[in-house]
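To keep things clear, I will list the structure first and then write my remarks on it.
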Amino acid sequence: MIRRIAKEDKQIYITLAEEFYHSDAVLHSIPSSHFENTFQEMLRSSQYAEGYLLECEGQAAGYVLIAKTFSQEAGGMVVWIEEIYVRPRFQGKGLGQEFFRYYEKRNAKGLSRIRLEVEPENERAVSLYRRLGFEPLSYAQMVKELQD
């Protein structure tokens, strides 16, 4: 089952995000205050961020964090799959694929692009994304951190 993250999901969301940020899928850790800030933004409005809880066998199996932006290059609205995390014991059950079908069915109108990042070494994720129609970009990303 896939559903939007709600106020009562705060602890499970933070637990899942902490698990994600301690996994091999992430290059560096982040302050725990970032989880709280993101959760509050998801509850405030869906204008910039949306969160989804993935459930399987009656348990929290993972989550998806989406950020929204407008892109001239894409010609309209773009969603970034900021994070998609499935707990190891639920991997291979089709939850990632199920989420993308769910999200695109409900949100494809009005969107020009779905974008995501993936570690090249994460072969299972790369394979899934390719099967779903994602293609690599040849851009190198650069960042400048403006806060501690």
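The values are calculated or read from the model by the stated rules, or taken from the named source; none is laboratory data. Everything numeric in this text was worked out from a predicted model, so none of it was measured. Cβ sites come from the backbone with ideal geometry, for glycine too, and all protein chains shown count toward neighbours. Calculation scope for accessible area: heavy atoms of the full protein, side chains included, ligands and nucleic acids excluded. Shrake-Rupley method; radii C 1.70, N 1.55, O 1.52, S 1.80 Å.
Annotations for the structure displayed:
- Treating r as the C-beta distance of Glu82 and Glu8 and R0 as 30 Å, the FRET efficiency rounds to 0.85.
- Within the range 61-148: Cβ-based charge dipole about Cα centre, in debye rounded to nearest 20 (Lys, Arg +1; Asp, Glu -1): 580
- Per residue value of the accessible surface for the chain (all protein chains in place, 1.4 Å probe), Å²: 66
- Top positive-direction residue, dipole computed over the chain with Cβ charges, set Thr38, Leu146, Phe134: Phe134
- Percent carbon-and-sulfur accessible area, the chain, ignoring ligands, DNA and RNA, probe 1.4 Å: 48
- Neighbours of Leu16, meaning other residues whose beta-carbon lies under 10 angstrom from its beta-carbon, give a summed charge of -3 when Lys and Arg score +1 and Asp and Glu score -1.
- Label-point gap, in nm, between Val26 and Lys109 - each point 7 angstrom along Cα→Cβ: 3.6
- Label zone of Arg130 (point 7 Å out along Cα→Cβ, amide N under 20 Å): in the range 10-38 this covers 25.
- In summary, the lysines within cross-link reach of Lys144, defined as a Cα separation below 27 angstrom excluding same-chain residues under 8 places away, comprise Lys68.
- Estimated dipole of the range 11-80 in Debye, rounded to 20 [Cβ of Lys and Arg +1, of Asp and Glu -1, Cα centre]: 260
- Neighbourhood charge, 12 Å Cβ-Cβ cut-off, centred on Arg130 and excluding it, Lys, Arg +1 and Asp, Glu -1: 0
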